[in-house]
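Taking it in order: structure first as structure tokens, then the write-up.
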Amino acid sequence: MNTRAKCVQGFTLIELLVALFVTAIMFAIGYGALSEVARHRLEIKNTQTSLNELQRAVRVMADDLGQLHPRPIRDPLGRLYASALVAEPGTPSPIALTRGGRPPTSSHARSSLQRVEYLLEGGDLVRFAWPVLDRVQSTNASRRVLMRGVRSLEFRYLDDQGEWRTDWPSPATSSASEEVRQRLRPRAIELTLNTDQHGAIRRIIEVPQ
């Protein structure tokens, strides 16, 4: 009885190369899709972080401005007084003010008033707060970076005549005594925060009189 040998046919070299090529393409597509997903996730995370910083910065500034107090302060040498609100547009420190409503942090009695100042340092919005109003040269302020990527911080002030000004105290009150001018407060303050990622953010805060 004759037996017929069965030939077992395998893959040719060309077929193996084609299969490897298709597999490599599929891996490349999959890796590219995963990289794109990871990139989008990172962008979303960075955007959310920046948005949280923006909301925090606006909230803190609005709270400070809304608590504006008429108390002027002495300079570190104790000879001159600085107004309750000092606005110098076009400088690294566009605003400094006395604010009230500071909650107590210890059992020791202290004033509820606080002197704060905002500065722009290399694109960082920084808030300085002093533990006392009439400080001396050795008094240190607490420093807090509220937001990064800030192009500019601008303010306008609504005076009693209904005019918006960029400086404060208003020169329109030059006829008033120095003590009165130092305690003057605007009726409202407009802040404009120009950022790299979110553009210009504008907010108007009413100042209680």
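Values quoted throughout were computed directly from the atomic coordinates according to the rules given, and no laboratory measurement underlies them. Keep in mind the model is a prediction, meaning the values are calculated, not measured. No Cβ is skipped: glycine too gets one built from the backbone with ideal geometry, and neighbour counts run over all protein chains shown.
Things to note:
- For the chain: relative contact order, % (alpha-carbon pairs under 8 angstrom, 6 or more apart): 18 percent
- Most fluctuating residue given options Phe155, Phe27, Phe128, as computed from a GNM of the chain linking Cα atoms under 10 Å: Phe27
- Dipole magnitude of the chain about its Cα centre (Cβ charges: Lys, Arg +1; Asp, Glu -1), debye to nearest 20: 740 debye
- In sequence order, calculated HN-Hα J values of the stretch 200-208 (Karplus, 6.51, -1.76, 1.60; Hz; x Gly/Pro): 8, 10, 10, 8, 10, 10, 6, 9, x
- FRET efficiency estimate (nearest 0.05) - Cβ-Cβ, Lys45 to Glu88, R0 30 angstrom: 0.20
- For the stretch 114-124, putting each phi into the Karplus relation 6.51 cos²θ - 1.76 cosθ + 1.60 with θ = phi - 60° gives couplings of 8, 9, 10, 8, 10, 9, 10, 10, x, x, 9 Hz, in residue order, rounded to whole numbers and with x for Gly and Pro.
- Taking Ser50, Ser112, Ser35 in turn, the Gaussian network model of the chain (Cα-Cα springs below 10 Å) assigns the largest fluctuation to Ser35.
- Surrounding net charge for Met61, when Lys and Arg each add one and Asp and Glu each subtract one, Cβ distance under 10 Å: +2
- Environment charge at Tyr81 (Cβ cut-off 15 Å; Lys +1, Arg +1, Asp -1, Glu -1): +3
- Relative to the current alpha-carbon distance between Arg202 and Ala129, full extension at 0.36 nm per residue lengthens the span by 23.9 nm.
- Gyration tensor (alpha-carbon) shape descriptor, the stretch 61-206, a/c threshold 1.5: oblate
- When the chain is treated as a GNM with alpha-carbon contacts under 10 Å, the residue of Val22, Val126, Val150 showing the greatest mean-square fluctuation is Val22.
- Degrees separating the helix 13-66 axis from the principal Cα axis of the chain, which is the longest one: 10 degrees
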